[in-house]
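The values are calculated or read from the model by the stated rules, or taken from the named source; none is laboratory data. Keep in mind the model is a prediction, meaning the values are calculated, not measured. Neighbour counts are summed over all protein chains in view; Cβ atoms, including those assigned to glycine, are modelled from backbone coordinates with ideal geometry.
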Amino acid sequence: MVEMRKRPSAQIRAHQKLGTAAMFEHIDTELKHRIDRVIKELEDRITRAIAGDHRLSETAIVLRSIPGIGPVASAMLIADMAEISTITGEEAAALTGLAPVAHDSRTLRGKRAIAGGRRALRHVIFQAALVAAHHNPSLKPFADRLGKAGKPHKVIITAAAGKLVTIANALCKSPQK
């Protein structure tokens, strides 16, 4: 639904550029509000489902205690990575598509990139990593060190996202009480 919400927003911007915004304003605004209501209803249902299950609720509390992981990232990790806490950190990074994979072809020899994994979860973790790279006390120095080493922003956030998933997995294995 969030992806679906992007379309009316793009249409509104297009209508403004074309000068036809007044003609479509009512339709565009109504559609956007309708999608927003559906998203809110789904978020409420997800929150109730997590709160109604003791194990999921405990996992959500642990995940939300990590600076950078908010309600959306927490719910996505619970929903899309049910294996959390039962796998290794490397496996968690691989499941989200954040583990570096070596490319052994002649043209890319020695290059490493991320690949595979659960795309929607990876996108949410990237957003969480953007926040964590600035506010998480264990990831901020890591991100700063990579930045000072001249690494591109995308590399820094990808590395922070991988570490964030690894940290989340470790904390869910042995929650700090």
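Here's the yes/no breakdown for (1) within 26 Å of K173 (Cα to Cα); (2) part of a helix (DSSP H, G or I); (3) in contact (Cβ under 8 Å) with a residue 60 or more places away in the chain:
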residue	(1), (2), (3)
A22	no, yes, no
R37	no, yes, no
K40	no, yes, no
I50	yes, yes, no
R55	yes, yes, no
T59	yes, yes, yes
For the stretch 26-38 the number of residues that are exposed (fewer than 14 other Cβ atoms within 10 Å of the Cβ) and of a type in the set (A, V, I, L, M) is 2
Quick check on K173: is it out of contact with any helix residue (DSSP H, G or I) (no Cβ under 8 Å at 6 or more places or on another chain) and at pLDDT 95 or above? no
Restricting attention to the stretch 36-56, does a residue exist that is within 20 Å of the chain's Cα centre (by Cα) and of a type in the set (S, T, N, Q)? yes
Residue under question is M1, and the condition is that it be in contact (Cβ under 8 Å) with a residue 12 or more places away in the chain and either of a type outside the set (D, E) or surrounded by 12 or more Cβ atoms within 10 Å (Cβ to Cβ) (or both); does it hold? yes
Only one residue in I87, I61, I69 is surrounded by 15 or more Cβ atoms within 10 Å (Cβ to Cβ) and over 21 Å from L130 (Cβ atoms). Which one? I87
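One line per residue, one yes/no per condition, for (1) among the hydroxyl-bearing types (S, T, Y); (2) buried (at least 19 other Cβ atoms within 10 Å of the Cβ):
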{"site": "H135", "(1), (2)": "no, no"}
{"site": "S138", "(1), (2)": "yes, no"}
{"site": "K148", "(1), (2)": "no, no"}
{"site": "H153", "(1), (2)": "no, no"}
{"site": "A160", "(1), (2)": "no, yes"}
{"site": "V165", "(1), (2)": "no, yes"}
{"site": "A168", "(1), (2)": "no, yes"}
